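The values are calculated or read from the model by the stated rules, or taken from the named source; none is laboratory data. Nothing here was measured: the structure is a model prediction, and the numbers come from that model. Positions of Cβ are backbone-derived with ideal geometry, glycine not excepted, and every protein chain shown enters the neighbour counts.
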Amino acid sequence: MNTKTDPELEAMLHAFVDGELDPQDEQAVREHLALNADAAQRADAYRRQGEDLHDLYDDVFTEPLSADMRAALNAPLATNPTRPRIFTAPMWRMAAAILLFTVGGLSGWWGHVLTSAETPVALANAAPHVVPYVTRAIGAHVVYASEVRHPVEVGADQEQHLVTWLSKRLGHDVHVPKLDEAGFELVGGRLLPDDAKPAAQFMYENHAGQRVTLYVSLDTKRTETAFRVVEQQGTSAIYWIEGDLGYALAGNLEREDMLKIARLVYDALTV
Amino acid sequence: MDIRHSIASELPRLRRYARALSAGNTSHADDLVQQALERALNKAHLFQPGTNLRAWLFTILHNVTVSEHRKRAARPYEVSDESAPESAYATSPDAHDKLELRDMARALEHLPQEQRQTVLLVSLEGLSYKEVSEVMAVPIGTVMSRLARGRDQLRILMERGVEKNTPRSTLRPTLWRVK
């Protein structure tokens with residue numbers, strides 16, 4: 001008996017294992033294997049490799065999606081420019097409404113948010129002059145600042161890692177300003193989808209448990225701006241564009257306090 | 001139906017493939033999938049309904065892994081505070097002579113990247129040769145030769161590692177090479 005190592009025959013063997021052969025060739029390989037123990041052993045070994053791989057990695061199917069993946073899936077889709085936005089809006093509006101209700105259910109403090117039927121999409125449409133990332137920054141603030149158990153992905157205890165990671169994901173050096181002077185301490189941060197680009201959100205908290213978030217966006221096609229203020233759903237944001245990055249400080253403090261923090265952030269980032 | 005639902009239902013497969021490709025390094029694997037997911041969502045309006053969504057997603061993931069691999073191959077692997085694979089990106093051609101491989105996961109690490117990808121797409125993900133050729137943008141013949149070489153290497157690595165006392169003669173004659 002001779003061991004055939006002819007590539008064509010070997011390729012047939014793999015195709016046989018993978019069910020890629022038509023019935024006639026399959027029968028031919030079967031006959032060959034019956035006469036050739038070496039080849040039959042190899043076919044078995046290749047089949048076992050597949051089984052081993054499934055044994056090793058099928059557990060992944062039982063894992064829940066990561067927070068990042070869920071966030072990306074919940075974000076509005078980039079739309080085809082030739083298609084009117086209205087066709088894609090309802091699904092997102094529904095998802096956003098569900099999200100807001102979930103958050104609202106967890107925290108009565110946000111009850112007033114729910115009294116508005118408006119969603120981020122509707123808001124963006126209602127206020128077209130607002131830079132888009134700012135609307136997303138406010139949405140992210142509304143969702144995450146009220147989060148009790150998982151307000152951030154990486155906590156302040158791993159600040160260096162947080163900065164390295166987010167800088168890497170944004171492809172841009174990101175800094176975390178200190179806001180001690182305003183009585184706010186870093187809670188941590190997370191990566192967010194920003195119209196399919198990555199954005200960073202840093203969260204701060206004061207002794208009274210009030211939270212502000214700083215959103216750092218790459219989605220800027222504009223030149224630098226001075227501070228601008230917008231208010232949506234009872235949350236205000238102060239935003240400005242500096243270099244390649246857009247910033248939005250979102251919170252529910254008095255206008256003066258928000259401005260004071262914004263100046264601290266600005267000074268810390270532009271030194 | 002919203003394409004995001006369809007994409008979400010394919011995510012476990014993408015994660016499984018990325019996990020196997022990254023030698024079980026969960027954070028690196030999920031990082032690859034996250035990048036692919038963001039790209040896919042960004043380009044979702046370009047997807048032709050009725051065509052093969054799975055192959056489309058694997059193509060995007062494949063392109064992400066290739067560019068990441070290229071980046072990482074250019075410099076030493078960066079070890080963050082999370083666990084990094086021991087040698088997922090270092091494959092020396094004669095490494096398997098000295099190695100005692102305990103299991104499939106370790107054997108996989110010693111395949112060249114293209115062979116590892118091909119074996120995983122076929123044996124783990126059950127993609128057809130045609131789908132793999134689309135995903136990797138190579139002819140079917142290349143898929144088949146990578147698959148054959150990868151599987152044969154794996155088989156030899158496993159046998160040498162697991163059955164060290166087996167006489168060499170029974171291990172040798174089946175390795176064939178195309179080129």
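For region B:122-145, which residues satisfy the criterion of being more than 10 Å from every other protein chain (Cβ to nearest Cβ), in a helix (DSSP H, G or I) and surrounded by fewer than 24 Cβ atoms within 10 Å (Cβ to Cβ)?
Hits for region B:122-145 are B:Glu131, B:Ser133, B:Glu134, B:Met136, B:Thr142.
Considering region A:223-239 alone, what residues qualify as being without any contact (Cβ under 8 Å) to a residue 60 or more places away in the chain and under 20 Å from A:Leu186 (Cβ atoms)?
Result: A:Ile238, single match.
Being among the basic types (Lys, Arg), out of contact with any Pro (no Cβ under 7 Å at 6 or more places or on another chain) and part of a strand (DSSP E or B), is that true of even one residue in region A:210-223?
yes
Looking only at region A:8-23, count how many residues are more than 10 Å from chain B (Cβ to nearest Cβ) and not in a helix (DSSP H, G or I).
Number of matching residues: 2.
Of everything in region A:146-164, what is part of a helix (DSSP H, G or I) and either in contact with a Gly (Cβ under 6 Å, 6 or more places away or on another chain) or small (Gly, Ala, Ser) (or both)? Give them in sequence order.
Hits for region A:146-164 are A:Ala156, A:Leu162.
Listed here are the residues, each with its yes/no results for (1) within 17 Å of the chain's Cα centre (by Cα); (2) at pLDDT below 50; (3) among the charged types (D, E, K, R).
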position: A:Phe87; (1), (2), (3): no, yes, no
position: A:Trp110; (1), (2), (3): no, yes, no
position: A:Ala127; (1), (2), (3): no, yes, no
position: A:Val131; (1), (2), (3): no, no, no
position: A:Val134; (1), (2), (3): yes, no, no
position: A:Gln160; (1), (2), (3): no, no, no
position: A:Gly183; (1), (2), (3): no, no, no
position: A:Asp195; (1), (2), (3): yes, no, yes
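When you go through B:Ala18, B:Ala36, B:Ala8 one by one, which is the residue that is aliphatic (A, V, I, L, M), under 22 Å from A:Thr62 (Cβ atoms), over 19 Å from the mean Cα position of the chain (by Cα) and part of a helix (DSSP H, G or I)?
From the options B:Ala18, B:Ala36, B:Ala8, the qualifying one is B:Ala8.
Pull up region B:29-57, narrow it to residues that are facing chain A (nearest Cβ under 10 Å) and basic (Lys, Arg), then point me to the one that is surrounded by the most Cβ atoms within 10 Å (Cβ to Cβ).
For region B:29-57, the residue satisfying everything is B:Arg39.
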